[in-house]
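Accompanying notes for the structure given below.
The values are calculated or read from the model by the stated rules, or taken from the named source; none is laboratory data. Keep in mind it's a predicted model, so treat the numbers as computed, not measured. Here the Cβ is made from the backbone with ideal geometry for all residues, glycine too, and neighbour counts use every protein chain on show. Protein only, heavy atoms only, side chains kept; ligands, DNA and RNA dropped before computing areas. Shrake-Rupley method; radii C 1.70, N 1.55, O 1.52, S 1.80 Å.
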Amino acid sequence: MSVVRIKGSGPNESARVIASAHVAYRTPSSGPAVIDIPYVSTSKKTIYILDGDSNVLALAPDGSLKKVASIPGSNTVRAAFAVSPDDAYIAVGAWAVTPVWTSTVYVEKIGGGGHVDLLPWKTGQTAAWPVGWHAGKIILAIGGSLLDWPTYPPARNQYSAGGYEQIDPVAGGHVSDVGAADCVVTGLLTSAGTACVASPDGPCLGGMVGEAIFPHNFNSCLRRYDWAGHETLFLLPKELKLFAFYAALSPDGRAMVTDQLDRVLAPVATARPGKFFVAPRALQQSSRGMGWIDSRHFSMMFLKADGTYQHIFTVNPDYSSVVELPMESLVAGPLVATLPGGL
């Protein structure tokens with residue numbers, strides 16, 4: 001993985017790699033094929049990365065790695081983690097695919113101690129794994145059951161999530177859903193919540209929302225779900241015929257960017273659309289590795305002959321223009337987290 005820092009401001013802004021680290025992949029499963037899950041978590045000031053199946057390492061700015069925790073991953077157990085913003089706790093999700101489908105979620109202190117089973121080991125559950133923390137609660141990604149995994153659709157986000165839940169980090173803590181089943185969650189998570197796309201395999205023509213004082217309708221294929229469970233429709237004039245297979249929500253919740261480099265602002269009223277902007281399309285976009293670094297910068301993955309690479313863009317405060325930042329070196333792969341972390 002590579003750590004990228006944005007430096008400078010205005011026309012002198014650029015991005016450069018300040019650290020790189022190489023770690024081992026998880027051991028291939030000895031049971032049925034399973035979806036892959038995140039390797040990286042960020043707190044307010046630290047990057048954590050999984051090395052192999054079970055070693056959680058902290059990455060320093062100079063690229064050095066230090067082991068800080070262990071999680072129960074192996075060739076028969078998949079495990080993932082998310083560290084709290086204050087570096088005090090680690091939430092862990094694990095599931096065994098052989099000999100019997102079982103899964104669990106727990107939390108404990110970094111360095112050990114304070115162990116609390118949030119979802120104790122049970123058989124036949126849908127898989128869940130931590131992907132972040134928000135307002136003291138743990139955000140869980142939700143996947144299909146073991147029987148569904150051979151046909152599990154490719155995720156449209158960096159967490160292999162089919163949906164999200166929040167859980168209080170105490171035994172028997174309350175669990176609440178984020179979003180709705182009819183909308184596909186997409187893009188990097190932010191403090192404002194998540195973007196989702198309804199009917200993401202075609203143009204945004206469905207879900208028309210009427211407005212009596214306008215002579216035409218607006219579609220609602222782009223939605224924002226915040227961590228309180230509220231839904232906001234990002235309305236678009238139907239004449240645009242926007243295609244949006246993937247999208248990402250800005251940290252302030254005000255804007256979305258789609259995989260076509262379209263940018264959409266939140267509605268200014270219940271049934272009136274926000275502004276809509278289109279950026280230059282000089283490169284061929286790729287799939288799910290997109291997200292906002294902060295409310296002025298977003299990153300997208302593009303296809304090249306030898307692989308996929310990130311390009312970083314900056315927008316002006318009213319989102320009316322966008323320019324690509326110069327990169328001092330190529331950055332391969334998807335955007336997986338931002339620093340400071342914490343949702």
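Annotations for the structure displayed:
- Of all the listed residues (Asp62, Asp53), the sole one being without any contact (Cβ under 8 Å) to a residue 40 or more places away in the chain and open to solvent by 10 Å² or more (accessible area, probe 1.4 Å) is Asp53.
- Taken together, Gly111, Gly124, Gly144 contain a single residue that is out of contact with any Pro (no Cβ under 7 Å at 6 or more places or on another chain), open to solvent by less than 20 Å² (accessible area, probe 1.4 Å) and either modelled with pLDDT under 80 or within 15 Å of Val56 (Cα to Cα) (or both), which is Gly144.
- Looking across the range 161-176, just one residue is small (Gly, Ala, Ser), under 21 Å from the mean Cα position of the chain (by Cα) and open to solvent by 40 Å² or more (accessible area, probe 1.4 Å), and that is Gly162.
- Strands (runs of 3 or more DSSP E) within the range 297-336 that include 3 or more residues under 19 Å from the mean Cα position of the chain (by Cα): 297-304, 307-315
- Some residue of the range 11-20 being modelled with pLDDT under 85 and surrounded by fewer than 16 Cβ atoms within 10 Å (Cβ to Cβ): yes
- Residue within the range 21-29 that is open to solvent by 20 Å² or more (accessible area, probe 1.4 Å), in contact with a strand residue (DSSP E or B) (Cβ under 7 Å, 6 or more places away or on another chain) and assigned to a strand (DSSP E or B) present: no
- Matching residues in the range 65-90 - criterion: being open to solvent by 20 Å² or more (accessible area, probe 1.4 Å) and in contact with a Leu (Cβ under 8 Å, 6 or more places away or on another chain): Leu65, Lys66, Lys67, Val68
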